[in-house]
Every structure is written in structure tokens, then in C-alpha cells.
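Report on the following structure.
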Amino acid sequence: MDNRYLNVFLEEANEHIQNLNNGLLALESEPSQEILDEIFRSAHTLKGMAGTMGFNKISELTHEMEDLLHEIRNGSLSITNTIIDVLLKCVDMLQEMTEQISKEGWEGETDIRPAIAEIKKVMSNTSNDSKAADESEGKDDTGFNEFELRLMEEAANKNLKTWELHVELEENCLLKSARAFLVFKTLENLGEIIKTKPHIQDIEDEKFDKEFYIYIISSRSEEDLLNAVNSVSELKSVNVREINLGNFQKKLTVARETSSVKESPKETNRIRNTSKTLRVDIERLDNLMNLVSELIIIKTRLEELDNLTEQGQKRKEALEYLERITSNLHDAVMKVRMVPIENVFNRFPRVVRDLSRELNKEVKLVIEGAETELDRTVIDEIGDPLIHLIRNALDHGIETPSERLKKGKPREGTLKLKAFHDGNNVVIEVSDDGRGIDVEKVLKKAQEKNMVDKSQVKKLKEIEILSFLFESGFSTSERVTDISGRGVGLDVVKTKIESLGGSVEIKTAKDEGTTFSIRLPLTLAIIQALMVQLGQEKYAIPLSAIKEIVIIPNTELKKVHKHEVILLRGNVIPVLRLHEMLDIPDNCLKNENLTVVIVKKGEKDVGLIVDSLLGEQEIVIKSLGNFLKNIRFIAGATILGDGQVALILDINALI
């Protein structure tokens, strides 16, 4: 099979599967005709695509899903949790088969028969239920339409009754339509006729045998109606009975739902926000990014040559122009790589639904800032850490409905996912309104594991105690479940986020909830950095990590508990000598003044002593490769304008 077509199929199939997932969850919480139509379209398109490509299992399964959705669309079936469960299982199966196709080119051994059997069972059960319900209300099934049912409902609200009059004419009645007209005329004075059987036009044309039915809304009693109609001559018999509206409650509910969809112009006539998109192979984008990177390196080299030789004004102008072009090119390429974070967030409604049902909890997921954009490489990596945090929030954070009610909280807990830009960073918050983290319990567990000295216990701030949660194997959970409690998770989260150049913080309050804030760089490819000199070597410190730079006299360096610190505007800031950490000869001891770069990690500030500052520069991050990737304190390397290689410091590892 031609890989070009296969790749297009997989991309589009994944989009439709995602649409099915999202649509079914939306349909469960807020049923609407528009969502139902959208789901049906996705299933139908997927069926067609799979059939064309020869993937018969996907085609067959989506065909069965279509049948079930069709029954819902035409009103034969109502949306229930069971139906949503069955359809979601089918979507999982479709996902499994497409993943198999992407790996091996065929649908694999997936057995779709159980899923199809479940669909047929649901349709059969519901159909039997409908039949039984129809039979139970058989004698009252007079074929009322939606409008008539609404009239009857409104009448009932005003304490009016709906009556059925069965009128039979005498055998020798000659002018049947005239007799019927007299009956109508009599009844019109007593109420409002809403329906006749047969239709009024057929009665007027005498297209009926000898009997007809009239349905009237009236405040009068059965006796009044009977006496009034009996005054008309040539009638053999008249029977009156009251219509019980309760027998039509199901039809009324369907009518109301249908009506609400029709009456909602916002929903039905909404103009979709469509954006023009172009599918681009990620390898081509990476190649483009490499070319831009080389261009930036050459630009820097030209700038340095310019400083070394005497050149004219024209060359300077040309260089400035080149700088503008490269900056614009850089921005343009970065925008191409930017992807809305909703690509990650979209998978969480299903996770929250399944987990909350498994844990018997009621949880509402709120998503804000899904349109926030992040570099594609970050998007691909951030999903797993977020899943860990969501599972923790659902398992440990949010209480069961009964616990929440005892605390005076609403039964339903809230899990919020929020993303927003903050300077050159994107912040993602995962917060819940649950029980919060028991700080005392965390401290006690840390002491049991000998992670903290007894003498230090009282000096520890809350943020420092909470940081123990990120230690490998640390867990305060008393029990191990399939979801969490094995002490893995938060350490994995921290490692992954720091590998992306980000940081994570926790804020918690007892019985109010917990918030995990993840701060990530917008991109991992090109960053602004401060170049510093250490001995004979140059190092880059990411500008996003720098808080400020201070020059202080050597004498202001103090020692507290054997650690060097400086006092800056009343705050004690620990200081690290990069020479010692990186094993470089120290020239600072001879200097009267010290150059200290204050870097931040979350709410913690640390000073880094360097020899001198070389200035701010845009650098291209290059990987050190597999052999050198685990070097401590180093996040990568960059090539300078003169061709030298400078290492980029990993601030998270340093602090």
C-alpha cells in the first residue's frame, strides 16, 4: 500500500476518533441534535475511508455504530449511559486498530464481534422496552403530534382537561357531514377542539363511515359535554373519556428536547470557527528549523567579524537587515511549530469520566485556555505528566460525594485544567477543590524515610516539605490501587518537566484543594541566553531563569551553616561557585568584587558566581547526543559565532 495514502488515512482517522470521543462525552452531559449529527458524520466518514483502504473491521464496526446512532437520531432510542458506554468501547477499539495499522500496516487480531453483539443487544433491549411501553399505553396512543401534546400540557397546567368524544351516527343518517358540523358547532362553545379522527377535511368531505372522534380541551365536566352533544339529532351513541396526559410523558420529554434544539438558534445556526490548516510533515519542519539555526549562527559570526575589522556603513546596514530577516524567519518558523494545547487537553475528559466512575466520585472537568499554543516538541511530551497529576487529583484529592456533603461542599468535585502565557513561558495549572495535601503527614513520612534531619524539622517551610512528594518512591498513600499509591508518579512528573526546561510547584490548603503549576518554555529550539565567562570557557544561562545580576564586594560573602550566602535587600540568598561545581580554575578569589547571577527555580532564588558577563545572545540549542546526554548540570550545547562550542547550564539541576 502506498504510504502517502496510509499516512493521510491515519491522520484523518485519528481526528475522527477524537471527534467521536469528544462528541460522545458531550452528548452524555448535554444531549443535542447538533452533537449527534457531528458524531454520526464522523462515524460515517471513518467507515467510508476504512472501506476504501480495505480495513474491513473498522468499516464494519463503524457501520454498526452508525445503525445505533441512526436509531437515536430518528428518536427510536433515547441516550442512556449504557449506550454511551457501548459506543465509547467501540471508539477504544477503533483507536486500538488504527494504532495497530500505524505500527504494522494492518488491523491486527482485534475481535470486533463482542462490540457488535453489545450494540445489537442495546438496540434490541431498548426496542423491546419501547414496544412494551407502547403496548402499555396502547389504548391512549391516538397519534398526537408534538404541537397537540404541548397544547394538552399547557391546558393541564391551567387545570383544564382534554376529552375524547367517540360519536357514532345512526345507520340511516343521510347528511353525515352536516351532523358532524352540528356536533363541532356545539362543542366549540364549550372548549377548544384540537384534533379529530379522521382529519377534519375528510369529515367535511364525508370520507368516513359512521363514526368519528373529537378531542377537545375544556373546563366542563364529562356530563356537560355529553348533554350538549346528545342535543344533536341522528346520533346513535356518544362516549366521553378523559385523556390521561401521564401516558404521553415520554413523548412529551422527547418533544421538549427536540424543541429545545430547534429553538436554539445559537446552536443550530452557529457559524463555525474554521481555520485553514495545512498538514506538514514534522521532519520537513525540523529540517527548516535546522536551516534557520544555521542562518542565525552565520549571522552571529558576521557580527563578530564586523567588530574585528574596519568595515563601512553599508555592511552594517546589511547586517542589520539580515538580523531583521532572521528574526522574522525565526518567528515564522516558531509559529508553524506552535500547536494549541487543546491537542493534549482533549484526551482528558474521557480520562476523568472513566476514573471518576471507577472511583465512584462525581467530578466536573473545567478546561480553560485550551487555545494556548506550545511548541510541538513540548506538546508531545507534556501529556504523560498531566495524566499523572489528574489521576492523583481524582484518587487522593477529590473526596467521595458523601465526604464532600459532610464537609458542606457540593457533591460534585471540580478538577480544573488551565493554560496561559506568562512572558516567555506557558503555565499549566492542574487544580482540584478536594481535601488538600496533609503537610504534617508528608513531614512524618519524610522523617520515617530519614529524608530530613530532626534538627531541621522546625525550620522547614511548607514548600520545602511538599517538595518531598517529588522524591522517588515517596508516597503518603496507605493503600496501593490500580490508579496510584505506589510512590511513582510525581517524581516522574518532575523529571519529565525538568527535562523540558520547566519547573513544577505545589500550593495546597486543607479541605480547599491543591494546585500543581507547571511552568514550561515556549520552545526548546532557540532561546535567549546570557553568555558568561568561567576560566577559559564560555557558558550560556537561559534568560528565562535569570532574575537579576548583582555586583557585590567580596567581603559581603557570608557563611551560614557552612554554606555561602549573600544578603540582598534583606533576603538571604545562597550562593554557588560555578567553578567548584564545574571543576574549573577559580579566578574570582583574586577579585575585589563578585559578579553574581541570581537565578530562580519556582520561589527559590540562588546566586551563581561567574568570572564575567559576555552579554545577551540568541542561541540555538543543540543536543549533546546519546553518549553525553546525562552530563550533570549541562542541558545542551550551542555553537557560537566564532565556531566555538558553549555549554548551556541546566539551572534546575544546579539548584
(request) Given a cut-off of 19 Å, name the pairs among Lys89/Lys496; Lys316/Lys622; Lys461/Lys600; Lys299/Lys622; Lys494/Lys604 whose C-alpha atoms lie farther apart than that in the structure shown. (result) Lys89/Lys496; Lys316/Lys622
(request) When you have a sec, figure out the Kirkwood radius of region 526-653 from all distinct Cα pair distances and drop it here in Å to one decimal? (result) 15.3
(message) Report, in listed order, any pair from Lys416/Lys441; Lys454/Lys510; Lys406/Lys510; Lys176/Lys207; Lys57/Lys120; Lys185/Lys236 with a Cα-Cα distance greater than 20 Å.
(response) Lys416/Lys441; Lys454/Lys510
(request) Determine the per residue accessible area of region 1-78 with all protein chains present and a 1.4 angstrom probe, expressed in square angstrom. (result) 47
(request) Collect residues whose amide H, placed 1.01 Å from N in the peptide plane, falls under 5 Å from the amide H of Glu564; neighbours closer than 5 in sequence don't count. (result) Val575
(request) Output the peptides 530-537, 638-645 sorted from most to least packed, where packing is the average of other Cβ atoms within 10 Å over each peptide's residues. (result) 530-537, 638-645
(message) Can you give me the long-range amide H partners of Lys195? Hydrogens built in the peptide plane at 1.01 Å from N, cutoff under 5 Å, separation of 5 or more residues or another chain.
(response) Tyr215
(request) List the pair-distance distribution P(r) of region 3-123, using every Cα-Cα distance, as the percent of pairs falling in each 10 Å bin from 0 up to the bin containing the longest distance, rounded to whole percents. (result) 13, 50, 29, 7, 0
(message) From Cα pairs below 8 angstrom and at least 6 apart in sequence, can you work out the relative contact order of region 526-653, rounded to a whole percent?
(response) 31
(request) Note the per residue figure in Å³ for the convex hull of the C-alpha positions in region 160-242. (result) 73
(message) For a quick check of understanding: with a 1.4 angstrom probe and all protein chains in place, what accessible area in square angstrom does Lys441 have, to the nearest ten?
(response) 80
(request) Scan around Ile549 for amide H atoms under 5 Å from its own, H built in the peptide plane at 1.01 Å from N, and keep only partners 5 or more places away or cross-chain. (result) Ile598
(message) Output wanted: per-residue J couplings in Hz (rounded whole) for region 541-553, from phi through Karplus 6.51 cos²θ - 1.76 cosθ + 1.60, θ = phi - 60°, x for Gly and Pro.
(response) 10, x, 4, 5, 8, 8, 9, 6, 10, 10, 10, 10, x
(request) Work out how much length Thr400 to Asp380 would gain on full extension: take 0.36 nm times their residue separation and subtract the Cα-Cα distance, in nm to one decimal. (result) 3.9 nm
(message) Solvent-accessible area of Ser431, probe 1.4 Å, all protein chains present, reported in Å² to the nearest ten, please.
(response) 20
(request) Report the net charge of residues surrounding Leu582, where surrounding means a beta-carbon distance below 14 angstrom and charges are Lys +1, Arg +1, Asp -1, Glu -1. (result) -3
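Suppose a student asked you for the relative contact order of region 3-123, using Cα pairs under 8 Å spaced at least 6 residues apart; what percent would you report?
27
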(message) Per residue of region 20-25, what does 6.51 cos²θ - 1.76 cosθ + 1.60 with θ = phi - 60° give for ³J(HN,Hα)? Whole Hz please, x for Gly and Pro, Karplus curve as stated.
(response) 4, 4, 5, x, 5, 5
(request) Considering Cα pairs under 8 angstrom that are at least six residues apart, work out the relative contact order of region 160-242 and quote it in whole percent. (result) 52
(request) Might you work out the accessible area of Thr326 for me, using a 1.4 Å probe with all protein chains in place, and round it to the nearest 10 Å²? (result) 0
(message) Apply the Karplus curve 6.51 cos²θ - 1.76 cosθ + 1.60, θ = phi - 60°, to the phi angles in region 639-644 and return the couplings in whole Hz, x for Gly and Pro.
(response) 9, 7, x, 8, x, 6
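The values are calculated or read from the model by the stated rules, or taken from the named source; none is laboratory data. Keep in mind that what you see is a predicted model, and the values were worked out from it rather than measured. Quick reminder, even Gly has a Cβ in these numbers, built from the backbone with ideal geometry, and neighbours come from all protein chains shown. Please note that ligands, DNA and RNA were not included when accessible areas were found on the heavy atoms of the full protein model with its side chains. Shrake-Rupley method; radii C 1.70, N 1.55, O 1.52, S 1.80 Å.
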